[in-house]
1. Just to confirm the number: angle between the C-alpha axis of helix 211-226 and the first principal axis of the chain, 0 to 90 degrees, nearest 10?
2. So if R0 is 45 Å, what FRET efficiency would Ile140 and Arg215 give, r being the distance between their Cβ atoms, rounded to the nearest 0.05?
3. ³J(HN,Hα) across segment 143-155 via Karplus (A = 6.51, B = -1.76, C = 1.60, θ = phi - 60°), whole Hz, x for Gly/Pro?
4. Give the average over all directions of the projected area of the C-alpha convex hull of the chain, one decimal, in nm².
5. State the dimensionless ratio Rg/Rh of segment 1-102 (Rg: radius of gyration of Cα atoms; Rh: Kirkwood radius).
6. For the chain, what is the number of Lys pairs with C-alpha distance below 18 angstrom, counting only pairs 8 or more positions apart or on separate chains?
7. How much of the pair distance distribution for segment 42-153 lies past 17 Å, counting alpha-carbon pairs only, in percent?
8. When all alpha-carbon pairs of segment 151-236 are counted, what percent fall beyond 20 Å?
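The values are calculated or read from the model by the stated rules, or taken from the named source; none is laboratory data. Just so we're clear, the structure is a prediction, and the values are computed from it rather than from any experiment. Methodologically, a virtual Cβ is constructed for each residue, glycine included, from the backbone with ideal geometry; neighbour enumeration extends over all protein chains shown. Calculation scope for accessible area: heavy atoms of the full protein, side chains included, ligands and nucleic acids excluded. Shrake-Rupley method; radii C 1.70, N 1.55, O 1.52, S 1.80 Å.
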Amino acid sequence: MEQKEENYHETIYEQIVAQSSIPPILKSTGLNWQDILLDESQWTLLEQNAPHLCADRVDYTLRDLYVCGEITLQEVHTFLDQLVVFNGQMACSNLSAAEWFVDAYYREVIGFFMNPLNMFGNYQLTKIIKLALQKDILSIEDFLKQDDDVVRLLKNAGDSSIEGVLSALFNSKVQKGTASCHDVHQTTKMRWVDPLVIGSDGAAPVSQLSLTAKRVIEEAKQKIEKGVYLSIQAPL
């Protein structure tokens, strides 16, 4: 439960794929799924360490912000049209595209991931899962099931302590607190991005080319390090 890097899904990736229909599908075409899916180093556009752009980082940012109505489909297409590949890495073809994505990315991280309600949900779910594991209501294998299946196991357990924490999860009123007045302090992993921009002299991080982008990045990193203070009003 103490996944500071928030990467539990990555630790069970191989197990999930192995139990899926993917291996036989690839085998039927003469391909080995392990060679393709377990060595991400060969897919440099798919995954990159922060602060570089990659398909995963771009995908969840644009998808979430579009679904939430924070950006338009036209903005998505405009940005994607300005992505290029430079030495095997994803980069922006101009400064304005990189500045736009920096702003969008931190709307995702600060505005969505670190929204007080989302942070409370993470906090409360961690409590519920820890308690359910201690009481043998859940097992590690249950985490491979669908969300609805896990919630059903929790609700059907008939355990009053689990029911109480579930009730607090769904019925509490949550708002932003302060360092001096809060019930819970939550932090999240450091997420930051500094896209490469292609110019006449090659590629450079946007923070080296734009004071605006540099300021946004530094302010966002400070907010992430600070975390979120939550004030919680439990249900009566």
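1. 20 degrees
2. Efficiency computed from Cβ-Cβ geometry: 0.55.
3. Here the 3J(HN,Hα) series is 5, 7, 7, 6, 3, 4, 5, 5, 4, 5, 4, 5, 5 Hz.
4. About 16.3 nm², averaged over all directions.
5. Checking Rg against Rh, the ratio lands at 1.04.
6. Summing the qualifying lysine pairs gives 19.
7. Pairs farther apart than 17 Å: 65 percent.
8. Above the 20 Å cut-off, segment 151-236 has 61 percent of its Cα pairs.
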